[in-house]
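Data block below; observations after.
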Amino acid sequence: MDAITQAAGQLAERIEALGQVTDTPGALTRTFLSPANLAAAAMVSRWMEELGMTVEHDAGGTIRGILAGTAGDLPPLLLGSHLDTVIDAGKYDGALGVLTALAALQVTGPLPFPVHVLGFSDEEGVRFHATYLGSRACVGQLGTEAMEIRDFAGVSLAEALGKEGWNEGATRFSYEDSACLAYVELHIEQGRVLEELGEAVCGVSAICGQSRLAVGLIGQADHAGTTPMEIRRDALAGAAACILAAERCGRSDPLLVATVGKLDLRPGASNAIPGEVKFTLDFRHPDDACRERLLGELLAEFEAIAADRGLKLAWDLVQANPAVPCDPGLTERLLDAIELVTGGRRLLPSGAGHDAVMMATAMPVAMVFVRCRDGLSHHPDEYASPDDMAAGLRVLVGFLQDISKS
Ligand code: GLV
Ligand code: MN
Ligand code: MN
């Protein structure tokens, strides 16, 4: 058995093992700083140590394994992805990028330059509805303002970091101040294009921009049996109108997607009119100007809905990230490696967000996509075949060997 086949077998086993590390037995869920997310980081740390890496964790729960270079003091190459998941997730989103990086280094051994493999603690942004917390911390973008963001239980980011003890004795990965070769991330495609094309892997041209908002509507809680319909100020009925407006807005432009993925209501009883609702809005478009214009129009519609129903509307822009192009030179080198595996030089844009967005604020970034069955992601049936994972591994190994020559 050759080294790549052997490493690919171990990669598939590790995906399964990591997929068992969950906060919710029977379903895979690992959110920012949760016990399972910390256990996953500990598991991956052990695999990093087995490769001869020095392992550190930062104040935000991100881990990095450092494999020393063989040619003196060169800037490091960064590889990796995230270890957190959505709720009831698949096993591949994020984990595949971290574990393929380790598998590739197992095949290549130490390279002329140092390699840092990063396992980010938060990319999905489930807990705080603010995304990329792990990579944001690494590039110095998690400032005092972000520390005030609160999760749905009312715990601030600063409190969460303190409580978990990650502030004590943790290293700060300050990539914003240091010269790095690049950040390269492998990820499942999370779409159906590669499957339709019959191709196992491709490069990525750019990552779509996104805005995340927290929206609140306040009406009047009251008795469900005694309050006439015409005098009600039902916050949930108002939220329903807003959600349908968001759906219409999303359908108004073929490149726009708008999603309300979480909703909380009070008092939350079958015989009480909902007096207060909070919901999230995730809003994405590849063109930043279009995203901002369409979001402005939708918020004006929310205002009109609230005014019409006598509700108080408040919204908070939790996060806005511009679209990020991948580095053209680096992507060409990845495409060379992809061509050796698939015979093609396919490039796709990414509708999903990735840690590469944040890392791009400090260094050139490039990405590889691996086909996933039916394009299904953020779902327990998410699946990449062992052959496709091996193809991704071959690409990463080819790329590392190629850039080691120059
Ligand atoms: C992460 O997967 C995202 O695109 O929200
Ligand atoms: Mn991901
Ligand atoms: Mn995801």
ask   = Given the structure, is Ile218 among the hydrophobic types (A, V, I, L, M, F, W, C), in contact (Cβ under 8 Å) with a residue 24 or more places away in the chain and assigned by TED's automatic domain parsing to the domain that holds Asp73?
value = no
task = Inspect the range 263-272 for any residue being under 30 Å from Glu189 (Cα atoms) and either charged (D, E, K, R) or away from ligand 3 (no atom under 16 Å from the Cβ) (or both) and give the result as yes or no.
result = yes
key: Considering residues of the range 93-141 that are over 25 Å from Ala59 (Cα atoms), surrounded by fewer than 24 Cβ atoms within 10 Å (Cβ to Cβ) and in contact (Cβ under 8 Å) with a residue 60 or more places away in the chain only, the residue farthest from ligand 3 (Cβ to nearest atom)   = Pro112
query = Here are some conditions: (1) within 16 Å of the chain's Cα centre (by Cα); (2) part of a helix (DSSP H, G or I). Gln401 meets all but one. Which one does it not meet?
reply = (1)
ask   = When you go through (1) within 27 Å of Phe128 (Cβ to Cβ); (2) in the same structural domain as Pro328 (by TED's automatic domain parsing); (3) crowded, with 22+ Cβ neighbours inside 10 Å one by one for Cys202, which number turns out not to apply?
value = (1)
task = Exactly one condition in (1) more than 15 Å from ligand 3 (Cβ to nearest atom); (2) at pLDDT 95 or above; (3) among the small types (Gly, Ala, Ser) is not met by Ser34; state its number.
result = (2)
request  = Provide a single number: the residues in the range 256-293 that are open to solvent by 60 Å² or more (accessible area, probe 1.4 Å), more than 13 Å from Asp234 (Cβ to Cβ) and assigned to a loop (DSSP other than H, G, I, E, B).
outcome  = 6
message = For the range 297-311, give me each residue that is farther than 10 Å from Gly238 by Cα and either open to solvent by less than 40 Å² (accessible area, probe 1.4 Å) or touching a residue at least 24 places away in the same chain (Cβ under 8 Å) (or both).
response = Glu297, Leu298, Leu299, Glu301
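The values are calculated or read from the model by the stated rules, or taken from the named source; none is laboratory data. Keep in mind it's a predicted model, so treat the numbers as computed, not measured. Positions of Cβ are backbone-derived with ideal geometry, glycine not excepted, and every protein chain shown enters the neighbour counts. The area values use the complete protein model at the heavy-atom level, side chains included, leaving out ligands, DNA and RNA. Shrake-Rupley method; radii C 1.70, N 1.55, O 1.52, S 1.80 Å.
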